[in-house]
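Accompanying notes for the structure given below.
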Amino acid sequence: MNDQDNTAATDTSGGKEAEAVTFSDLGLGESSLRALDHVGFENPSPIQRSFIPKALTGRDCTGQAHTGTGKTAAFVLPILEAIDHDLGVTQALVLAPTRELADQVKCEAERLAYTSPIRVACFVGQRDMDRQIRQLERGVQVAVGTPGRVKDLNNRGHLIFDNLRVVVLDEADRMLDIGFEPEIRDILRRCPNNRQTLLLSATLPPSVERLAKKYMSNPDRVDLSGDAVAVDSIDQFFCTVDPDRKFGLLVRLLSEQKPTQVIVFTRTKRGADSLYRRFSGGLSNVGVMHGDLPQSKRERALKRFREGQIRLLIATDVAGRGIDVSTISHIVNYDIPEYHDDYIHRIGRTGRMTSDAKGQAFTFVTREQGDELTRIEIRVNKELTEYTVPEYEAYRQRSPRPTVNTVA
Ligand code: AMP
């Protein structure tokens, strides 16, 4: 049996029609929902939409996800659902490649356990082992650590694996790159057989696949990377713009590009509504779709878009994600997306035409958002081309720094 046979490839849409998916649809309990509300996570990110419902079934799962996609909460929330908060023993173990990452996981777990606090501790090298042992003696329910120190503490009889219900390998590819494979294998061999194993990795090279095959039981796969392949058929541009000139830029871009059909993405529902109001004054072929609109209205907008009566559709990520209309020639990211995976999903709405025409995607970027653009470029493994609309100054030139005259 090859590696593929050992895993059940599944859809990446997160099951239910994505546009309606909220955290409560994912199967999380009341306590997690209150914690999410408290930390201010409004909607699940793509990896969370896909991964959480699968992990909550108790099956082993692998998820391909990069840092910055919300992957930590994607495995922390299922851990919090799986463990018994009243039981003081160690029930979940998260292995991470670096101290920094282990610290981040610990913080996220504590934040998300806000309504039902649990004891989380970090076990990483080059930190006081006696202190770590004292923490373990007091009782740690979720242990997070680097493989070397975790194995060491287990060898010495302080970190007990007998009661583990969930084991997570976070950034598995990086852990193997660093050379942690022997420790990881040792640790997994010592864990109870009936545990759940979750594996997160930015890439799934053969070494990771082998590990999954050996130590996971028929894992369910969440693979959002297939979408990345599709983005090759799309020309991707960015436009530098001042926030107050975005609308002007959009109007000129549209009149210059003359799209057959276009989706303009905003980050928020309010942003979508306000853009819609600015447009629809004079135009009947503009529509809007976001999660606050009644289902009937959203369906009507989608139907009119499909039939070509609407040529410009303004949408939020959640609403726009499920749209599959083959005549979409252009995507405009009026607001840069919050998550890289949303970028892939947004631009993946175009480039689906049966003709040879390539889809065109434009991302508006303010000068403060340079880092966000870079992160997208890393995700799609491609530099976006700068695009300027002729004869439109989308951003003000900054006046040169005044020179200070000094007296010698
Ligand atoms: P991660 O990819 O897990 O490192 O997460 C990146 C950042 O996104 C962290 O600061 C998280 O707290 C934050 N985050 C994760 N999920 C969400 C969400 N659904 N909504 C808003 N922020 C989130």
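The values are calculated or read from the model by the stated rules, or taken from the named source; none is laboratory data. Predicted, not measured: the structure shown is a model, and the values here were computed from it. So basically every Cβ, Gly included, is an ideal-geometry build from the backbone, and we count neighbours across all protein chains shown.
Across the stretch 260-274, what is the number of residues that are in contact with a Lys or Arg (Cβ under 9 Å, 6 or more places away or on another chain) and crowded, with 19+ Cβ neighbours inside 10 Å?
4
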If you go through the stretch 339-362 one residue at a time, do you hit one that is part of a loop (DSSP other than H, G, I, E, B) and within 16 Å of the ligand (Cβ to nearest atom)? yes
Filter the helices (runs of 4 or more DSSP H) completely within the stretch 21-121 down to those with at least 1 residues that are within 12 Å of the ligand (Cβ to nearest atom), touching a residue at least 40 places away in the same chain (Cβ under 8 Å) and surrounded by fewer than 17 Cβ atoms within 10 Å (Cβ to Cβ). 30-39, 99-112
When you scan the stretch 64-84, how many residues do you find that are of a type outside the set (D, E, K, R) and modelled with pLDDT of 95 or more? 10
Taking the stretch 178-205 and the residues there that are touching a residue at least 40 places away in the same chain (Cβ under 8 Å) and surrounded by fewer than 16 Cβ atoms within 10 Å (Cβ to Cβ), the one that is nearest to ASP341 (Cα to Cα) would be THR203
Looking at the stretch 208-229, can you tell me whether even one residue there is touching a helix residue (DSSP H, G or I) at 6+ places or on another chain (Cβ under 7 Å), within 22 Å of GLU386 (Cα to Cα) and either surrounded by fewer than 20 Cβ atoms within 10 Å (Cβ to Cβ) or at pLDDT below 95 (or both)? yes
Filter the stretch 122-159 down to residues that are touching a residue at least 40 places away in the same chain (Cβ under 8 Å) and within 16 Å of the ligand (Cβ to nearest atom) and give me whichever is surrounded by the most Cβ atoms within 10 Å (Cβ to Cβ). VAL144
